[in-house]
Amino acid sequence: MTPSAATRLANMKRLYNPVLVGSLGTIEVTSSDLKTDTGEEVPNFTVTAHVSAGASVVHRTELVLMVNRRLVSCAFMKRAIQTTYQQASALQKWFVVLELTVPPECVDVNLHPTKEEVAVLHLPAITEALCAALRAHLLAAAAPLVAKRTVPPASGALRVRTDHTTQTLPGLPAKRLCRELSDADRVPLEDVHDFEGVKRKIRLAAARGFREGFTEFTVVGVTRVKRGALAILQLQSELYQLALHTASRELAYQRVAEYHGRFEELRLEHPVCIQSLLSALGEIVTQDGPSDLSPEDASQVLEGQAGVLQQEFGMEVAGGRLHSLPDVMGGALPRPRGLPRLLLALAGAFGGDGSLDAHKACQAFAAFFAVPPDSSDAELQVVLSLMKRRFHPSQTLLDGGALCKLTDLKKLYTVFERC
(Lines give C-alpha, C1' and ligand atoms only; values in the text may rest on other atoms or scores of the structure.)
Protein backbone atom coordinates (compact mmCIF):
# COMPACT_ATOMS: atom_id res chain seq x y z
CA MET A 1 0.00 0.00 0.00
CA THR A 2 1.09 3.55 -0.69
CA PRO A 3 -0.05 6.71 1.14
CA SER A 4 -2.96 8.37 -0.66
CA ALA A 5 -1.60 11.85 0.06
CA ALA A 6 1.83 11.13 -1.42
CA THR A 7 2.81 12.31 -4.88
CA ARG A 8 2.95 9.81 -7.74
CA LEU A 9 6.75 9.93 -7.89
CA ALA A 10 6.97 9.36 -4.15
CA ASN A 11 4.73 6.31 -4.48
CA MET A 12 6.82 5.05 -7.41
CA LYS A 13 9.96 5.27 -5.25
CA ARG A 14 8.29 2.99 -2.73
CA LEU A 15 7.42 0.44 -5.40
CA TYR A 16 10.50 0.63 -7.64
CA ASN A 17 14.21 1.39 -7.39
CA PRO A 18 14.46 4.96 -5.98
CA VAL A 19 17.62 5.62 -8.02
CA LEU A 20 15.81 4.61 -11.21
CA VAL A 21 12.74 6.69 -10.43
CA GLY A 22 14.92 9.69 -9.59
CA SER A 23 16.57 9.50 -13.02
CA LEU A 24 13.32 9.44 -15.00
CA GLY A 25 12.39 12.35 -17.22
CA THR A 26 8.85 13.68 -17.57
CA ILE A 27 6.96 14.49 -20.76
CA GLU A 28 3.37 15.58 -21.24
CA VAL A 29 1.09 15.38 -24.28
CA THR A 30 -2.40 16.85 -24.55
CA SER A 31 -5.18 16.84 -27.14
CA SER A 32 -4.00 20.24 -28.39
CA ASP A 33 -0.86 18.55 -29.77
CA LEU A 34 -2.59 16.61 -32.53
CA LYS A 35 -5.57 15.95 -34.74
CA THR A 36 -6.70 12.82 -36.52
CA ASP A 37 -5.89 12.17 -40.20
CA THR A 38 -9.40 13.30 -41.15
CA GLY A 39 -8.97 16.62 -39.34
CA GLU A 40 -11.41 15.58 -36.64
CA GLU A 41 -10.60 16.99 -33.23
CA VAL A 42 -9.60 14.43 -30.62
CA PRO A 43 -11.54 14.50 -27.33
CA ASN A 44 -9.70 16.08 -24.42
CA PHE A 45 -6.96 13.82 -23.13
CA THR A 46 -3.73 14.16 -21.17
CA VAL A 47 -0.73 11.84 -21.15
CA THR A 48 1.87 12.21 -18.41
CA ALA A 49 4.89 9.96 -18.95
CA HIS A 50 7.89 9.30 -16.74
CA VAL A 51 10.54 7.77 -19.02
CA SER A 52 14.06 6.44 -18.71
CA ALA A 53 16.70 8.19 -20.80
CA GLY A 54 20.49 8.30 -21.19
CA ALA A 55 21.35 8.45 -17.49
CA SER A 56 18.87 5.81 -16.32
CA VAL A 57 19.99 2.41 -15.06
CA VAL A 58 17.31 -0.09 -16.13
CA HIS A 59 17.55 -3.84 -15.61
CA ARG A 60 14.41 -4.89 -17.47
CA THR A 61 12.01 -3.38 -19.98
CA GLU A 62 8.70 -2.41 -18.39
CA LEU A 63 5.67 -0.28 -19.26
CA VAL A 64 3.34 0.72 -16.42
CA LEU A 65 0.15 2.07 -18.01
CA MET A 66 -2.76 3.64 -16.19
CA VAL A 67 -5.90 4.76 -18.02
CA ASN A 68 -8.10 6.98 -15.86
CA ARG A 69 -6.18 5.71 -12.80
CA ARG A 70 -6.87 2.06 -13.75
CA LEU A 71 -3.80 -0.18 -14.18
CA VAL A 72 -4.11 -1.85 -17.60
CA SER A 73 -1.97 -3.34 -20.38
CA CYS A 74 -1.71 -2.31 -24.04
CA ALA A 75 0.47 -4.30 -26.45
CA PHE A 76 0.01 -1.73 -29.25
CA MET A 77 1.38 1.15 -27.19
CA LYS A 78 4.24 -0.97 -25.82
CA ARG A 79 5.35 -1.95 -29.34
CA ALA A 80 5.26 1.70 -30.43
CA ILE A 81 7.37 2.79 -27.45
CA GLN A 82 9.81 -0.07 -28.07
CA THR A 83 10.24 1.05 -31.70
CA THR A 84 10.83 4.65 -30.60
CA TYR A 85 13.58 3.60 -28.18
CA GLN A 86 15.23 1.51 -30.91
CA GLN A 87 15.20 4.46 -33.31
CA ALA A 88 16.19 7.28 -30.97
CA SER A 89 18.20 5.72 -28.16
CA ALA A 90 21.05 3.31 -27.58
CA LEU A 91 19.41 1.95 -24.43
CA GLN A 92 18.83 -1.80 -24.49
CA LYS A 93 16.14 -1.71 -21.81
CA TRP A 94 13.71 1.00 -20.79
CA PHE A 95 11.22 1.86 -18.06
CA VAL A 96 8.14 3.98 -18.73
CA VAL A 97 5.23 4.95 -16.48
CA LEU A 98 2.25 6.37 -18.41
CA GLU A 99 -0.89 7.96 -17.03
CA LEU A 100 -3.56 8.54 -19.69
CA THR A 101 -6.59 10.60 -18.75
CA VAL A 102 -9.49 10.59 -21.24
CA PRO A 103 -13.25 11.10 -21.01
CA PRO A 104 -14.91 7.92 -19.66
CA GLU A 105 -17.06 7.57 -22.78
CA CYS A 106 -13.86 7.13 -24.84
CA VAL A 107 -12.82 3.98 -22.94
CA ASP A 108 -14.22 0.47 -23.38
CA VAL A 109 -13.28 -1.78 -20.45
CA ASN A 110 -15.30 -4.80 -21.60
CA LEU A 111 -12.58 -6.47 -23.66
CA HIS A 112 -11.37 -8.93 -21.03
CA PRO A 113 -13.05 -10.53 -17.99
CA THR A 114 -10.30 -9.26 -15.70
CA LYS A 115 -10.56 -5.71 -17.12
CA GLU A 116 -6.78 -5.77 -17.71
CA GLU A 117 -7.16 -4.67 -21.33
CA VAL A 118 -9.08 -1.62 -22.50
CA ALA A 119 -9.86 0.02 -25.84
CA VAL A 120 -9.30 3.76 -26.12
CA LEU A 121 -10.80 5.91 -28.85
CA HIS A 122 -8.15 7.47 -31.13
CA LEU A 123 -5.42 5.37 -29.50
CA PRO A 124 -3.19 5.38 -32.67
CA ALA A 125 -3.23 9.18 -32.84
CA ILE A 126 -2.55 9.50 -29.11
CA THR A 127 0.30 6.98 -29.34
CA GLU A 128 1.83 8.79 -32.33
CA ALA A 129 1.87 12.10 -30.44
CA LEU A 130 3.36 10.41 -27.38
CA CYS A 131 6.11 8.71 -29.42
CA ALA A 132 6.98 12.00 -31.15
CA ALA A 133 7.45 13.68 -27.77
CA LEU A 134 9.38 10.67 -26.47
CA ARG A 135 11.70 10.69 -29.49
CA ALA A 136 12.49 14.39 -28.96
CA HIS A 137 13.14 13.76 -25.26
CA LEU A 138 15.51 10.84 -25.95
CA LEU A 139 17.54 12.80 -28.50
CA ALA A 140 17.80 15.74 -26.10
CA ALA A 141 18.82 13.43 -23.25
CA ALA A 142 21.68 12.05 -25.34
CA ALA A 143 23.49 15.41 -25.36
CA PRO A 144 24.84 15.21 -21.77
CA LEU A 145 26.58 11.94 -22.67
CA VAL A 146 28.96 13.85 -24.91
CA ALA A 147 31.85 15.51 -23.11
CA LYS A 148 32.66 18.77 -24.84
CA ARG A 149 36.37 18.05 -25.07
CA THR A 150 38.44 18.64 -28.17
CA VAL A 151 41.71 17.02 -27.06
CA PRO A 152 42.55 13.98 -24.93
CA PRO A 153 43.35 14.60 -21.24
CA ALA A 154 46.89 15.81 -20.68
CA SER A 155 47.63 12.89 -18.38
CA GLY A 156 46.66 10.38 -21.04
CA ALA A 157 43.97 8.91 -18.76
CA LEU A 158 40.46 8.44 -20.07
CA ARG A 159 37.59 9.18 -17.69
CA VAL A 160 34.55 7.02 -18.35
CA ARG A 161 31.49 5.80 -16.47
CA THR A 162 31.75 2.18 -15.37
CA ASP A 163 28.74 2.11 -13.06
CA HIS A 164 27.16 4.97 -11.05
CA THR A 165 30.44 6.80 -10.49
CA THR A 166 33.24 8.17 -12.60
CA GLN A 167 36.41 6.08 -12.59
CA THR A 168 39.81 6.60 -14.17
CA LEU A 169 41.48 3.96 -16.28
CA PRO A 170 45.23 4.65 -16.06
CA GLY A 171 47.93 3.58 -18.45
CA LEU A 172 46.18 4.54 -21.72
CA PRO A 173 48.56 6.86 -23.59
CA ALA A 174 46.90 9.71 -25.45
CA LYS A 175 48.24 8.59 -28.83
CA ARG A 176 46.29 5.35 -28.44
CA LEU A 177 43.10 7.38 -28.21
CA CYS A 178 43.74 8.78 -31.67
CA ARG A 179 45.15 5.65 -33.29
CA GLU A 180 41.69 4.45 -34.25
CA LEU A 181 41.11 7.52 -36.41
CA SER A 182 42.95 5.92 -39.29
CA ASP A 183 41.08 6.18 -42.58
CA ALA A 184 42.14 2.75 -43.77
CA ASP A 185 39.72 0.89 -46.04
CA ARG A 186 37.21 -1.30 -44.27
CA VAL A 187 37.00 -4.67 -45.98
CA PRO A 188 38.74 -5.83 -49.20
CA LEU A 189 35.69 -6.63 -51.31
CA GLU A 190 36.97 -5.86 -54.78
CA ASP A 191 36.38 -9.43 -55.89
CA VAL A 192 32.58 -9.28 -55.46
CA HIS A 193 30.21 -7.22 -57.54
CA ASP A 194 26.65 -8.22 -56.54
CA PHE A 195 24.79 -7.38 -53.34
CA GLU A 196 24.46 -10.98 -52.16
CA GLY A 197 28.21 -11.47 -52.56
CA VAL A 198 28.91 -8.26 -50.66
CA LYS A 199 26.66 -9.37 -47.78
CA ARG A 200 28.41 -12.74 -47.57
CA LYS A 201 31.82 -11.06 -47.54
CA ILE A 202 30.74 -8.68 -44.77
CA ARG A 203 29.93 -11.62 -42.51
CA LEU A 204 33.08 -13.52 -43.44
CA ALA A 205 35.26 -10.46 -42.86
CA ALA A 206 33.74 -9.71 -39.45
CA ALA A 207 36.22 -9.40 -36.62
CA ARG A 208 36.94 -12.47 -34.56
CA GLY A 209 34.35 -12.78 -31.82
CA PHE A 210 31.88 -10.42 -33.53
CA ARG A 211 30.55 -12.52 -36.40
CA GLU A 212 27.16 -12.69 -34.72
CA GLY A 213 27.07 -8.91 -34.61
CA PHE A 214 27.97 -6.16 -32.20
CA THR A 215 24.57 -5.07 -30.93
CA GLU A 216 24.28 -6.07 -27.26
CA PHE A 217 26.35 -3.16 -26.02
CA THR A 218 25.61 -0.41 -23.53
CA VAL A 219 26.82 3.14 -24.16
CA VAL A 220 28.97 4.22 -21.22
CA GLY A 221 29.81 7.61 -22.66
CA VAL A 222 30.99 9.60 -25.68
CA THR A 223 33.89 12.00 -25.81
CA ARG A 224 35.36 14.18 -28.51
CA VAL A 225 39.01 14.22 -29.52
CA LYS A 226 40.78 16.36 -32.06
CA ARG A 227 39.68 14.41 -35.14
CA GLY A 228 36.31 13.00 -34.15
CA ALA A 229 34.17 11.38 -31.49
CA LEU A 230 34.93 8.25 -29.49
CA ALA A 231 32.28 6.06 -27.88
CA ILE A 232 33.01 3.95 -24.82
CA LEU A 233 30.88 0.82 -25.03
CA GLN A 234 30.35 -1.97 -22.54
CA LEU A 235 29.78 -5.46 -23.92
CA GLN A 236 29.10 -7.82 -21.03
CA SER A 237 32.08 -7.20 -18.71
CA GLU A 238 34.38 -5.71 -21.37
CA LEU A 239 34.92 -2.05 -22.26
CA TYR A 240 35.56 -1.06 -25.88
CA GLN A 241 36.53 2.18 -27.52
CA LEU A 242 34.99 2.92 -30.94
CA ALA A 243 35.80 5.75 -33.36
CA LEU A 244 32.36 6.80 -34.52
CA HIS A 245 33.42 8.57 -37.72
CA THR A 246 35.24 5.50 -39.06
CA ALA A 247 32.64 3.08 -37.72
CA SER A 248 29.75 5.06 -39.21
CA ARG A 249 31.33 4.69 -42.63
CA GLU A 250 31.42 0.93 -42.25
CA LEU A 251 27.90 0.97 -40.84
CA ALA A 252 26.62 2.91 -43.87
CA TYR A 253 28.36 0.43 -46.19
CA GLN A 254 26.67 -2.50 -44.48
CA ARG A 255 23.25 -0.81 -44.43
CA VAL A 256 23.35 -0.11 -48.16
CA ALA A 257 24.34 -3.72 -48.87
CA GLU A 258 21.61 -5.09 -46.59
CA TYR A 259 18.69 -2.73 -47.18
CA HIS A 260 19.27 -1.38 -50.69
CA GLY A 261 15.98 -0.53 -52.37
CA ARG A 262 14.12 -0.31 -49.02
CA PHE A 263 15.17 3.10 -47.73
CA GLU A 264 12.88 6.05 -47.27
CA GLU A 265 13.51 9.07 -49.50
CA LEU A 266 15.32 12.30 -48.69
CA ARG A 267 13.62 14.77 -51.02
CA LEU A 268 15.65 17.72 -52.23
CA GLU A 269 13.75 20.96 -51.78
CA HIS A 270 15.27 22.22 -55.03
CA PRO A 271 16.37 19.51 -57.53
CA VAL A 272 19.96 20.08 -58.62
CA CYS A 273 21.48 19.84 -62.08
CA ILE A 274 23.89 16.91 -62.02
CA GLN A 275 26.21 18.21 -64.75
CA SER A 276 26.55 21.63 -63.12
CA LEU A 277 27.24 20.00 -59.76
CA LEU A 278 29.99 17.80 -61.19
CA SER A 279 31.53 20.69 -63.16
CA ALA A 280 32.05 22.55 -59.89
CA LEU A 281 34.50 19.87 -58.72
CA GLY A 282 37.30 21.01 -61.00
CA GLU A 283 39.75 18.13 -61.35
CA ILE A 284 37.75 15.06 -60.50
CA VAL A 285 39.57 12.52 -58.34
CA THR A 286 38.11 9.27 -56.99
CA GLN A 287 39.47 6.67 -54.61
CA ASP A 288 41.23 5.03 -57.55
CA GLY A 289 42.80 8.25 -58.83
CA PRO A 290 41.71 10.78 -61.46
CA SER A 291 38.36 9.92 -63.03
CA ASP A 292 38.02 9.09 -66.71
CA LEU A 293 34.45 10.38 -66.71
CA SER A 294 33.75 13.97 -67.65
CA PRO A 295 30.84 15.77 -65.98
CA GLU A 296 28.86 15.35 -69.20
CA ASP A 297 29.56 11.61 -69.39
CA ALA A 298 28.78 11.05 -65.72
CA SER A 299 25.50 12.93 -66.04
CA GLN A 300 24.52 10.83 -69.07
CA VAL A 301 25.36 7.59 -67.25
CA LEU A 302 23.24 8.51 -64.24
CA GLU A 303 20.31 9.64 -66.35
CA GLY A 304 20.55 6.49 -68.48
CA GLN A 305 20.56 4.32 -65.34
CA ALA A 306 17.77 6.28 -63.61
CA GLY A 307 15.60 3.16 -63.41
CA VAL A 308 18.34 1.14 -61.69
CA LEU A 309 19.08 3.97 -59.25
CA GLN A 310 15.38 4.24 -58.38
CA GLN A 311 14.93 0.50 -57.95
CA GLU A 312 18.13 -0.24 -56.04
CA PHE A 313 18.55 2.91 -53.93
CA GLY A 314 15.37 4.97 -54.12
CA MET A 315 17.21 7.77 -55.96
CA GLU A 316 15.15 9.84 -58.39
CA VAL A 317 17.03 11.22 -61.40
CA ALA A 318 14.97 12.91 -64.11
CA GLY A 319 15.70 15.56 -66.71
CA GLY A 320 19.38 15.68 -65.77
CA ARG A 321 18.47 16.66 -62.21
CA LEU A 322 18.68 14.86 -58.88
CA HIS A 323 15.38 14.90 -56.98
CA SER A 324 15.92 12.55 -54.05
CA LEU A 325 18.42 10.38 -52.15
CA PRO A 326 18.01 7.31 -49.91
CA ASP A 327 17.86 7.94 -46.16
CA VAL A 328 20.68 5.49 -45.41
CA MET A 329 21.41 6.60 -41.85
CA GLY A 330 17.86 6.96 -40.60
CA GLY A 331 17.79 10.70 -39.91
CA ALA A 332 21.49 11.62 -39.71
CA LEU A 333 21.57 13.94 -42.70
CA PRO A 334 24.69 13.93 -44.89
CA ARG A 335 26.67 17.07 -45.72
CA PRO A 336 25.76 18.50 -49.17
CA ARG A 337 29.41 19.21 -49.99
CA GLY A 338 29.97 15.51 -50.58
CA LEU A 339 27.17 15.18 -53.15
CA PRO A 340 29.30 15.74 -56.30
CA ARG A 341 31.72 12.95 -55.36
CA LEU A 342 28.82 10.64 -54.56
CA LEU A 343 27.31 11.19 -58.01
CA LEU A 344 30.65 10.71 -59.74
CA ALA A 345 31.39 7.52 -57.80
CA LEU A 346 27.94 6.13 -58.62
CA ALA A 347 28.45 6.84 -62.30
CA GLY A 348 31.77 4.99 -62.11
CA ALA A 349 30.04 2.01 -60.47
CA PHE A 350 28.27 1.22 -63.75
CA GLY A 351 30.21 -0.82 -66.28
CA GLY A 352 30.21 -0.32 -70.02
CA ASP A 353 27.46 -2.94 -70.35
CA GLY A 354 25.28 -1.12 -67.81
CA SER A 355 25.94 -3.61 -64.98
CA LEU A 356 26.18 -2.22 -61.45
CA ASP A 357 29.18 -2.95 -59.24
CA ALA A 358 27.54 -3.31 -55.82
CA HIS A 359 30.82 -2.95 -53.94
CA LYS A 360 31.65 0.39 -55.56
CA ALA A 361 28.10 1.66 -55.07
CA CYS A 362 28.19 0.74 -51.37
CA GLN A 363 31.57 2.48 -51.03
CA ALA A 364 30.16 5.63 -52.64
CA PHE A 365 27.19 5.83 -50.28
CA ALA A 366 29.34 4.94 -47.26
CA ALA A 367 31.73 7.84 -47.92
CA PHE A 368 28.79 10.24 -48.35
CA PHE A 369 26.66 9.17 -45.37
CA ALA A 370 29.42 8.65 -42.78
CA VAL A 371 28.93 11.16 -39.99
CA PRO A 372 31.71 13.79 -40.11
CA PRO A 373 34.12 14.41 -37.22
CA ASP A 374 32.17 17.57 -36.32
CA SER A 375 28.84 15.72 -36.14
CA SER A 376 26.22 16.79 -33.62
CA ASP A 377 25.19 14.88 -30.51
CA ALA A 378 21.92 13.83 -32.16
CA GLU A 379 23.79 12.39 -35.17
CA LEU A 380 26.04 10.35 -32.90
CA GLN A 381 22.98 9.05 -31.10
CA VAL A 382 21.47 7.95 -34.43
CA VAL A 383 24.66 6.06 -35.34
CA LEU A 384 24.72 4.23 -32.00
CA SER A 385 21.03 3.37 -32.29
CA LEU A 386 21.51 1.92 -35.79
CA MET A 387 24.48 -0.12 -34.60
CA LYS A 388 22.30 -1.76 -31.97
CA ARG A 389 20.05 -3.11 -34.72
CA ARG A 390 22.71 -4.77 -36.86
CA PHE A 391 26.44 -4.17 -37.17
CA HIS A 392 29.34 -6.50 -37.95
CA PRO A 393 32.66 -4.79 -37.09
CA SER A 394 35.30 -5.90 -39.57
CA GLN A 395 38.73 -7.15 -38.68
CA THR A 396 40.03 -3.98 -40.35
CA LEU A 397 38.37 -1.90 -37.62
CA LEU A 398 40.31 -3.85 -35.02
CA ASP A 399 43.59 -3.86 -36.95
CA GLY A 400 43.36 -0.12 -37.64
CA GLY A 401 42.50 0.70 -34.03
CA ALA A 402 39.04 2.12 -34.75
CA LEU A 403 37.67 -0.54 -32.40
CA CYS A 404 39.86 -1.55 -29.49
CA LYS A 405 39.29 -3.28 -26.20
CA LEU A 406 40.16 -1.11 -23.21
CA THR A 407 39.79 -3.48 -20.30
CA ASP A 408 37.81 -6.27 -18.72
CA LEU A 409 35.83 -4.86 -15.80
CA LYS A 410 36.13 -8.10 -13.84
CA LYS A 411 39.91 -7.83 -13.94
CA LEU A 412 39.74 -4.10 -13.26
CA TYR A 413 37.58 -4.56 -10.17
CA THR A 414 40.03 -7.20 -8.94
CA VAL A 415 42.82 -4.62 -9.20
CA PHE A 416 40.70 -2.07 -7.31
CA GLU A 417 40.04 -4.60 -4.53
CA ARG A 418 43.76 -5.27 -4.15
CA CYS A 419 44.43 -1.56 -3.91
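The values are calculated or read from the model by the stated rules, or taken from the named source; none is laboratory data. Since the model is a prediction, treat every value here as computed from it, not as a measurement. Positions of Cβ are backbone-derived with ideal geometry, glycine not excepted, and every protein chain shown enters the neighbour counts. Accessible surface areas use protein heavy atoms only, side chains included; no ligands, DNA or RNA. Shrake-Rupley method; radii C 1.70, N 1.55, O 1.52, S 1.80 Å.
Counting Lys and Arg as +1 and Asp and Glu as -1, what is the net charge of the other residues whose Cβ lies under 12 Å from the Cβ of Ala306?
-2
How much accessible surface does Arg60 have with a 1.4 Å probe, in Å² rounded to 10?
Here the accessible area works out near 150 Å².
May I ask you to list the trypsin sites (Lys or Arg not before Pro) in the range 324-419 that are in a DSSP loop and have at most 16 other Cβ atoms within 10 Å of their Cβ?
On the way: sites: Arg337, Arg341, Lys360, Lys388, Arg389, Arg390, Lys405, Lys410, Lys411, Arg418; in loops: Arg390.
Sites meeting the loop and neighbour criteria: Arg390.
If you roll a 1.4 angstrom probe over the protein chains with everything in place, what fraction of the accessible area of the range 343-415 belongs to carbon and sulfur, to the nearest %?
Its accessible area is 53 percent carbon and sulfur atoms.
At 1.4 Å probe size, what's the solvent-accessible area of Asp357? Round to the nearest 10 Å².
Asp357 exposes around 20 Å² with every protein chain in place.
At a probe radius of 1.4 Å, what is the per-residue accessible area of Met77, in Å² to the nearest 10?
Estimated to the nearest 10 Å², Met77 gives 10 Å².
Which net charge results for the neighbourhood of Thr61, defined as the other residues with beta-carbon distances under 11 angstrom from its beta-carbon, given Lys and Arg at +1 and Asp and Glu at -1?
Working: positive: Arg60, Lys78, Lys93; negative: Glu62.
So the environment of Thr61 carries a net charge of +2.
Over the range 43-118, with the other protein chains present, what is the accessible area per residue in square angstrom, probe 1.4 angstrom?
Accessible area per residue: 50 Å².
For the range 212-262, with every protein chain kept in place, what is the accessible area per residue (1.4 Å probe, Å²)?
On the way: 1740 Å² over 51 residues.
Per residue, the range 212-262 has an accessible area of 34 Å².
State which entries of Lys226/Lys405; Lys93/Lys226; Lys13/Lys78; Lys226/Lys388 exceed 30 angstrom in Cα-Cα distance in the structure shown.
Details: Lys226/Lys405 21 Å; Lys93/Lys226 32 Å; Lys13/Lys78 22 Å; Lys226/Lys388 26 Å.
Violating the 30 Å Cα-Cα cut-off are Lys93/Lys226.
Residues with amide H under 5 Å of Val220's amide H, sequence separation 5 or more or different chain, H placed in the peptide plane at 1.01 Å from N; which?
Residues meeting the amide H criterion: Ile232, Leu233, Gln234.
Could you calculate the contour length gain from Thr30 to His112, that is, 0.36 nm times the residue separation minus the distance between their Cα atoms, to one decimal place in nm? Mind dumping the intermediate values first?
Numbers: separation 82, 0.36 × 82 = 29.52 nm, distance 2.75 nm.
Gain on extension, Thr30 to His112, equals 26.8 nm.
From the backbone phi of the range 316-322, what are the Karplus-calculated ³J(HN,Hα) couplings (6.51 cos²θ - 1.76 cosθ + 1.60, θ = phi - 60°) in whole Hz, Gly and Pro given as x?
For the range 316-322, the Karplus-derived couplings read 10, 10, 8, x, x, 10, 9 Hz, x marking Gly and Pro.
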